[in-house]
Every structure is written in structure tokens, then in C-alpha cells.
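*Asks:* Handing you this structure, nothing more for now.
The values are calculated or read from the model by the stated rules, or taken from the named source; none is laboratory data. The structure presented is a predicted model; accordingly, all values stated were derived computationally and were not measured. Methodologically, a virtual Cβ is constructed for each residue, glycine included, from the backbone with ideal geometry; neighbour enumeration extends over all protein chains shown. Accessible surface areas use protein heavy atoms only, side chains included; no ligands, DNA or RNA. Shrake-Rupley method; radii C 1.70, N 1.55, O 1.52, S 1.80 Å.
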Amino acid sequence: MKKLLLKVYDYFSARKWLLFTLVFVLIAGFAFVGSRVRIEEDVTKMLPDDEKVEKLNMVFRNSKLTDKLIVKIAQRDTLSEAQPDSLIAYAETIVAAIDTQLKGYVREVRYKVSDDAILTTYNTVHENLPIYLEEEDYAAIDSLTTATKLRSTLENDYKLLTSPSGLVLKKIIADDPTGISNIVLKRLQKLQADENYELYDGFIMTKDRRTIVLFISPSNPPNETANNGMLIDGLDEIFAKANTATPNIKGEYFGGTAVAVGNARQLKKDTQITMGIALTVLVLFIGLFFRRKRVPFIMLLPVVFGSLLSMAVIWLYKGEISSISLAAGSAVLGIAINYSLHFLSHYRHTRNIKETIGELLVPMTIGSVTTVGSFFGLLFVKSEILNDFGLFAGFSLIGAAFFTLVFLPHFVSSKSVANENSSDSFAWFDKIVNYRSKRPWIGILLIVALTIFFAQHIHKVGFESDMLKLNYMNDDLKAAEQSINQLNEGNVKTVYVVTTGNTVDEALQNSLKSNQHADALLADGKISNYSSVSDFIIPQNVQHERIARWNKYWTAEKKAALKKTLIAEGAAVKFREAAFNNFFTLLDKPYEVQPMSAFADLRKNFADDYIIESEHVKAVITSVKTPLANVPEVKQSFSQSNDW
């Protein structure tokens with residue numbers, strides 16, 4: 001190995017032009033390939049890569065719920081008279097500005113609930129009424145279809161029809177004057193995020209009419225921080241102008257996309273600062289030690305070569321690397337530069353290149369193998385960030401060691417390291433290194449004592465278990481988060497329960513099973529309420545059961561009796577017989593199990609954010625409201641029931 005390395009040295013010594021050309025081509029090639037590596041800025045990749053965490057990450061990457069921005073528009077003076085129309089004007093200004101200035105970055109701004117959406121939802125429920133009725137609902141139907149109750153209901157229906165009530169309400173009465181559909185429609189209110197909200201002129205507004213809430217869905221996923229950064233900057237500009245123009249109203253936003261952009265920018269800044277400090281310290285130290293301006297740059301050549309080689313290998317291997325791994329790579333600079341430092345320091349004493357190569361070959365090779373092996377050992381750790389770091393560090397050191405032994409000798413000359421003042425200037429450093437104590441046992445005792453002392457305090461080290469604290473948020477974002485969280489009633493926390501399946505239908509089945517557990521927690525007072533889309537987008541096996549129950553309940557005799565009673569009681573309150581034709585059609589029509597496409601409108605209007613349907617995961621998300629004190633118990637309870 002030594003002879004081969006020396007022959008390579010002699011070969012390139014006689015062909016310097018070939019050496020420099022080869023070095024230039026390699027560095028340029030590695031730089032070109034390495035520049036194509038995508039820098040990943042997802043902080044969740046530092047989490048252990050076990051099955052459960054991978055599932056959660058899959059949900060975060062595919063859920064429309066996690067990237068949504070929540071916008072709060074509120075009166076600054078909470079004691080003044082409510083001004084809902086001013087809030088609406090502000091909201092419409094914001095929406096118009098977003099549509100004009102950020103059209104390519106925003107998929108949708110949901111700020112109103114239209115009558116069409118409500119009517120479409122009602123039609124879906126009405127056309128498929130049996131599949132929405134649970135077993136206990138039939139006891140309520142028994143009560144609603146008695147003669148006395150029908151008379152009372154019809155009298156109320158008549159008053160509503162003759163009053164200036166809404167179109168949707170009149171259609172509901174025309175389709176179902178008995179009120180059976182209301183059993184389901186009341187249950188539909190569970191989809192409402194919070195009882196503190198109501199609709200005002202179609203806008204989602206708090207009941208005190210001092211706050212409007214709207215939702216922005218970005219066009220790009222949260223990890224597309226470059227495009228989302230343009231969105232966030234645009235929103236900041238829009239809200240700054242609106243807040244200045246309307247001083248009595250304040251608009252602010254918060255959401256996963258904003259946090260992701262903040263993380264990316266802070267990680268980039270931290271990486272630049274870390275690398276900058278490391279390089280500055282190394283260059284200053286080396287420059288002062290050798291007292292030659294070109295020496296720091298010569299010594300950095302193996303580091304640059306190794307880093308570029310590593311990035312090229314990473315592109316070939318996986319195509320991306322975590323920015324956190326790159327920031328941690330500043331530690332590798334100190335190790336990689338040691339190779340050139342050892343070479344130049346040894347050459348300073350030997351003044352013979354070949355002798356230096358021969359003497360450093362074995363110790364440098366062995367040291368490289370053990371160090372590189374340690375970093376490559378991180379590839380077996382279940383954490384993607386540590387995997388990236390091990391890969392980057394390992395190949396950086398391989399490249400640095402190779403460059404030091406093969407190419408660096410040709411960049412070194414006696415003039416580059418020799419300086420008559422350098423030895424004198426650092427004589428004190430050599431004395432420290434070469435110092436031999438007459439009482440070595442003192443140092444050994446000191447090390448043992450310190451080890452025992454540190455061991456006594458090792459249990460005080462803690463680990464951050466709150467994933468939310470892994471994120472970086474600036475002061476404005478923290479204030480917005482706190483302000484929006486205040487919209488919740490009291491100390492209430494939202495817990496999201498995820499159920500999966502091989503298909504969306506299977507995920508909905510598992511969600512219904514989870515709802516039974518949620519009902520038990522609700523009965524015990526552990527949770528305040530919950531909202532589950534599986535109550536309204538019904539899996540096919542449950543549809544089949546409920547249709548069979550409907551058919552069994554509505555016998556020919558029972559239908560005939562109800563029709564007769566309804567016609568008689570209707571005549572008493574001025575209803576013509578033809579007024580009940582729609583309801584009679586509802587009773588008599590045959591019902592079939594519906595495919596998922598039948599719920600497309602309902603899903604689009606209310607449930608799309610809570611259903612994940614991608615190539616890799618099919619999942620349903622249930623929103624659970626629970627008092628802050630009960631959060632750990634509720635999480636543990638759902639975890640034990642195999643929900644996550």
C-alpha cells in the first residue's frame with residue numbers, strides 16, 4: 001500500500017497538469033451532482049423511525065388538516081359594541097387580496113358556508129335517510145308518528161311555511177313534515193367545530209359576533225417551504241396593510257404551513273451561522289499556527305473535497321438530506337481538517353513529502369476506518385436525521401482522508417509551512433503537548449473523581465417529549481397561536497384520533513368502532529365532545545345493516561297507518577293530501593348500499609380535511625375536545641384501543 005501510494009505521488013509529480021486537471025474535474029463534478037440534492041427541512045424526521053411514528057408522519061404529510069392556516073379576525077376592543085358587518089368587510093378585503101396577489105399559492109379560502117352547501121348536504125341525507133338512522137332512533141320515530149305528535153308537528157310546520165323562513169327550511173318541511181329527518185340533521189351538528197360559533201350572513205362567527213374565523217388551504221404541502229415562504233410573506237403584507245387601514249380590527253393567522261416556513265428559515269440561518277463560526281475559528285487557528293496566508297486554504301481543500309463527495313453520494317443514494325444533518329456536519333469539519341493538519345504538522349518536522357506520506361499512511365488509514373465506521377453505524381439507528389448525518393459525515397471523512405494522502409502532497413511546499421517565527425510563537429503549545437508529569441497518578445485520580453461526580457448527575461438529564469416544542473416559532477407566530485387558542489372555551493384541548501384501513505371504507509369502519517370508545521369517555525366526563533366524519537359518511541357494511549333495519553321496521557301495515565293518520569291530521573291544519581307526496585315517496589322507495597362517490601358533496605363541504613386518501617395511507621381523523629387536565633388520560637385511552 002505504501003509503495004503504491006508513493007508511486008502515485010511520483011506519477012503525479014511528473015505530471016502536475018494532469019493532477020490539477022483531475023482535481024478540478026472531480027471537485028466540479030461532485031459540486032454539480034451535489035447541488036442537485038434536495039435539502040429537507042422537516043423537523044419531524046429527527047423522531048425515531050418506528051412503525052407508529054412513521055404512520056403519524058404519513059398522516060402529517062398527506063392530511064389537508066395539518067397544512068391549513070386558521071385566520072382570526074377580531075375587534076381589538078372586546079368591550080365595545082359588536083360590529084359584525086365591519087368584520088365581514090375586513091374579511092372580504094382579505095379574501096379579495098389573497099385571490100389577487102396569492103392566486104398561485106392558495107388552493108382555497110373557506111370563509112362562508114353557502115345555502116347551496118347546506119342544501120346539498122341535506123339532499124344527501126334525505127335521499128339516503130335509512131343509512132343515517134341508528135337503532136335507538138326508531139324509538140324516537142315511534143314517538144314522532146303518533147297522532148298527537150303529528151298534529152303538533154304539522155301545526156308548527158304550517159306556521160313556518162307561512163312565515164318568511166329560509167328556502168332550506170321550507171324544503172325540509174315539504175320533504176319530511178313528520179320531522180324524522182331532523183333526528184339525523186341534529187346529529188349533523190356534531191361536525192360543528194365548537195358550540196361557540198354560529199353563522200352570520202354565511203360567515204363563521206363567534207356567538208358574541210366579535211370574531212370571524214376563516215381557513216386558508218395552501219396549494220403546496222408544508223414541506224414545500226420555498227413556495228410557502230412566498231405565501232407567508234404575501235399574507236404578512238396583506239394583513240399589515242389591512243390592520244393599518246382598519247385600526248379597530250386585527251387579523252392574524254396560524255397553522256402548520258406557517259410553522260414549517262419558520263422552521264425552514266431558522267434551520268437555514270442556524271446552518272449558516274454554525275458553519276461560518278466553525279470555518280472562521282479553524283482558519284484563524286491554522287493561520288496563526290503556521291503564519292502563512294495560503295495554509296488555511298490548502299488545509300481546507302480535503303474538507304471541501306470530502307464534503308462535495310459526500311453530497312454527490314447522497315444524491316445518488318437518496319436524493320435528499322436533512323438541513324439539521326448538514327448543520328450538525330460542522331462538527332465533522334474539525335475531524336476532517338485534522339487529516340491535513342496532521343500532514344502539514346508532520347511535514348513541518350520531516351521536511352520530506354515521501355517520508356511524511358509513508359509515516360502517516362497506517363495511522364491515518366486506521367484512524368479513518370474506525371471514525372468512518374462509527375459514523376456509518378448511525379445508518380442502523382431508527383432516525384432519518386441521524387442516518388443522514390452518518391452518511392454525510394462518513395463519506396466526508398473518506399474523501400478528506402483520500403485527498404490528504406493522494407492530492408494534498410502536491411499542494412504543499414516547504415515555503416507553505418515553514419516560517420521562522422511559527423515555531424517560536426507556538427513553543428508554548430509544543431510544551432503543553434510534550435509535558436510529562438512526574439506524578440501521573442494525580443491526573444488519573446482527577447479523571448476518576450470527575451467521572452464519579454458527573455455520574456451522580458446523569459439522571460437529571462431529561463428529554464423533550466412534547467413534539468410541538470420541536471418547532472421554532474417567532475414572537476408574532478407565538479402570539480397568533482395563543483390568540484387563536486383563546487377561541488376555545490376554557491382550558492380545552494383538541495386531540496386528533498386517527499384510524500386507518502386498507503381502504504377508506506375500512507378506515508371508516510374502524511372510526512365507528514373508535515366512536516364507541518369516545519361515547520364511553522363522553523359519558524364518563526373525560527371529554528367534552530367529539531366530531532367524527534364516520535357518523536355521516538357511512539361504511540358499506542353499516543349501510544347494509546341499517547337499510548335492513550329500515551325495511552324491517554316499515555311494514556306495509558305501518559306505512560299505511562302512518563299515511564292515513566298523516567292525511568287526516570294534515571287536513572285538520574289545512575294541508576292538502578298532495579303536500580305529503582314527497583314523504584310518501586321517501587317511505588316507499590327501495591334503498592341500496594351507496595358507493596363512496598355518493599357522499600362526494602358531503603365530503604367536499606364538511607369532511608375532506610378529515611379523510612386521507614393517498615397511495616400510501618387511507619385514514620380517518622376524529623376531532624376530540626377534552627379538558628386540558630384530561631389530555632394524557634384520553635391519549636392513553638385511545639392508544640390502548642389501537643387508535644393513534
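*Asks:* For the stretch 117-264, give the percent of accessible area contributed by carbon and sulfur heavy atoms, probe 1.4 Å, rounded to a whole number. Could you put the intermediate results ahead of the total?
*Replies:* Details: 3390 of 6390 Å².
That fraction is 53 percent.
*Asks:* What's the carbon and sulfur percent of the stretch 466-610's accessible surface, probe 1.4 angstrom, rounded to a whole number?
*Replies:* On the way: 3740 of 7810 Å².
Its accessible area is 48 percent carbon and sulfur atoms.
*Asks:* Sticking with this one: Go through (1) 26.7, 91; (2) 35.4, 119; (3) 29.5, 99 and flag the label whose value is the computed Rg and Dmax of the Cα atoms in Å for this structure.
*Replies:* (2)
*Asks:* So if each residue of separation counts as 0.36 nm, and I subtract the Cα-Cα distance between Q482 and K604, what length gain in nm does that give?
*Replies:* Values: separation 122, 0.36 × 122 = 43.92 nm, distance 2.95 nm.
Between Q482 and K604, full extension yields 41.0 nm more.
*Asks:* Then there is this: Averaged per residue, what accessible area in Å² does the chain show with a 1.4 Å probe, protein chains only?
*Replies:* Details: 34140 Å² over 644 residues.
Roughly 53 Å² per residue, with all protein chains present.
*Asks:* What angle do you read, to the nearest 10 degrees and between 0 and 90, between the alpha-carbon axis of helix 147-161 and the longest principal axis of the chain?
*Replies:* Helix 147-161 sits at roughly 70 degrees to that axis.
*Asks:* If you filter the stretch 592-625 for GluC sites (Glu not before Pro), then keep DSSP loop positions with at most 12 other Cβ within 10 Å, what is left? Walk me through the numbers before you get to the answer.
*Replies:* Working: sites: E592, E613, E615; in loops: E592, E615.
Those satisfying the criteria are E592, E615.
*Asks:* Is the shape of the stretch 80-130 best called rounded, prolate or oblate, per the rule: a/c under 1.5 gives rounded, else a/b larger than b/c gives prolate, else oblate, with a ≥ b ≥ c the square roots of the Cα gyration tensor eigenvalues? Don't skip to the end; give the middle numbers.
*Replies:* On the way: a/c = 4.72, a/b = 1.56, b/c = 3.03.
Note, shape of the stretch 80-130 comes out oblate.
*Asks:* Applying the Karplus parametrisation 6.51 cos²θ - 1.76 cosθ + 1.60 with θ = phi - 60° to the phi angles of the stretch 532-540, what ³J(HN,Hα) value in whole Hz is obtained for each residue in order, glycine and proline being reported as x?
*Replies:* Listing the rounded values in order: 10, 6, 5, 6, 10, 10, 8, x, 5 Hz.
*Asks:* While we're here: Roughly how much of D535 is accessible, in Å² to the nearest 10, using a 1.4 Å probe?
*Replies:* Roughly 20 Å² of D535 is accessible to a 1.4 Å probe.
*Asks:* Pull up all non-local amide H partners of I527: gap of 5 or more, or a different chain, and H-to-H distance under 5 Å with H placed in the peptide plane.
*Replies:* Close amide H contacts, sequence-distant or interchain: L522.
*Asks:* Here's a follow-up. Per DSSP helix of 4 or more residues, -39500 (n - 2.57); summed, then divided by the residues of the chain. What does that give at 222 nm, rounded to the nearest 500?
*Replies:* Details: 27 runs with 384 residues, N = 644.
Mean residue ellipticity, 222 nm, calculated: -19500 deg cm²/dmol.
*Asks:* Amide H neighbours of I249 under 5 Å, counting only residues 5+ apart in sequence or on other chains, H built in-plane at 1.01 Å?
*Replies:* For I249, the qualifying residues are R76.
*Asks:* With the cut-off at 1.5 for a/c, could you classify the stretch 258-360 from its C-alpha gyration tensor as rounded, prolate or oblate? Each step should come with its number before you reach the end.
*Replies:* Numbers: a/c = 3.95, a/b = 1.89, b/c = 2.09.
Oblate.
*Asks:* Turning to a different aspect of this structure: Return the Rg/Rh ratio of the stretch 522-644 with Cα-based radii and a Kirkwood Rh.
*Replies:* Details: Rg = 21.2 Å, Rh = 18.7 Å.
Reported Rg/Rh (Cα atoms, Kirkwood Rh): 1.13.
*Asks:* Something else about it: When only the heavy atoms of the protein chains count and the probe is 1.4 Å, how do Y339, Y317 rank by accessible area, highest first? The partial results should precede the final answer.
*Replies:* Values: Y339 20, Y317 155 Å².
So the residues, ranked largest to smallest area, are Y317, Y339.
*Asks:* Also, quick follow-up: How far, in degrees from 0 to 90, does helix 353-376 lean away from the longest principal axis of the Cα atoms of the chain, to the nearest 10?
*Replies:* With rounding to tens, the tilt is 20 degrees.
*Asks:* Cα axis of helix 556-572 to longest principal axis of the chain: angle in degrees, 0 to 90, nearest 10?
*Replies:* The angle comes out near 70 degrees.
*Asks:* Shifting gears a bit: What spacing in nm lies between the two simple spin-label points modelled at T100 and E81, each 7 Å away from Cα in the Cβ direction?
*Replies:* 3.1
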